[in-house]
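Undergrad: Please find one structure pasted underneath; my questions will follow.
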């Protein structure tokens, strides 16, 4: 079951850590802002910065310690080597479970990080995608596509699925009309020639 769009307060928390795949963080971040969603970047390492997989520095991060997740509708986990930090941080795993198991919340995960809910048994009876090399026996149905929505879970395959993943997050959080508006405003859907 997808949460009702009207019940959303438009707040998103995106976990960050050193090694995060830049495109998997920046594309969803930017497009969600374009859709009017407020996105907090929170460091799983309790640092003010995170260095991406290709050297991009993300600054002004909020600390995981003391962060109030309850005010957010959505938790997003970008991939890259940061997934190992997320996987080894009990507070992050606790929030992954909390968001996935609450039908009024949304959990989004892409690439390597999309394997984390599977490792936690959260894909039982669900459709999902993740980077193929980390797909395991997660008890769900793996789909070899860019992004999958199943109830309150939104997953993305890897860098190549970053746009579809972001648009699916917007679709779940703001509705299909808002998703199409963002696609038009960003020229994902090209304007008609006059």
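None of the figures in this text is laboratory data; all of them are computed from the coordinates on show. In this text the structure is predicted, and so the values were computed from the model without any measurement. Cβ atoms come from the backbone with ideal geometry, glycine included; neighbour counts cover every protein chain shown.
Undergrad: Show me 114-122, 20-28 ranked by packing, highest mean number of other Cβ atoms within 10 Å first.
TA: 20-28, 114-122
Undergrad: Next up: For residue 91 and residue 119, compute 0.36 nm times the residue count separating them, minus their Cα-Cα distance, and round to one decimal in nm.
TA: Full extension from residue 91 to residue 119 adds 8.5 nm.
Undergrad: Give me 165, 86 ranked fewest to most by other Cβ atoms within 10 Å of their Cβ, as a rough exposure proxy.
TA: Fewest-to-most ranking of 165, 86: 86, 165.
Undergrad: In whole Å, what are the Cα extents of the chain along the three principal axes, biggest one first?
TA: 53, 38, 33
Undergrad: Follow-up. Which of the peptides 9-17, 175-183 is most tightly packed, and how do the rest follow, judged by the mean count of other Cβ atoms within 10 Å per residue?
TA: Per-residue mean Cβ counts within 10 Å order the peptides as 9-17, 175-183.
Undergrad: Considering all alpha-carbon pairs of segment 77-190, what whole percent are spaced by more than 19 angstrom?
TA: Counting pairs separated by more than 19 Å, the tail of P(r) holds 42 percent.
Undergrad: Restricting to Cα pairs below 8 Å that are 6+ residues apart, what does the relative contact order work out to for segment 43-101? Please round to a whole percent.
TA: Once normalised by length, the contact order is 29 percent.
Undergrad: Of all DSSP beta bridges located in the chain, what percent are antiparallel, nearest 5?
TA: Of the beta bridges lying entirely in the chain, close to 25 percent run antiparallel.
Undergrad: Can you compute the helix-only [θ] at 222 nm over the chain? Use -39500 (n - 2.57) per DSSP H run of at least 4 residues, normalise by all residues, nearest 500 deg cm²/dmol.
TA: -9000 deg cm²/dmol
Undergrad: Ranked highest first by average number of other Cβ atoms within 10 Å, how do 134-140, 40-46 line up?
TA: The most tightly packed comes first, giving 40-46, 134-140.
Undergrad: Next question. If you wrap segment 21-118's Cα atoms in a convex hull and average its projection over all directions, what's the area in nm²?
TA: 6.0
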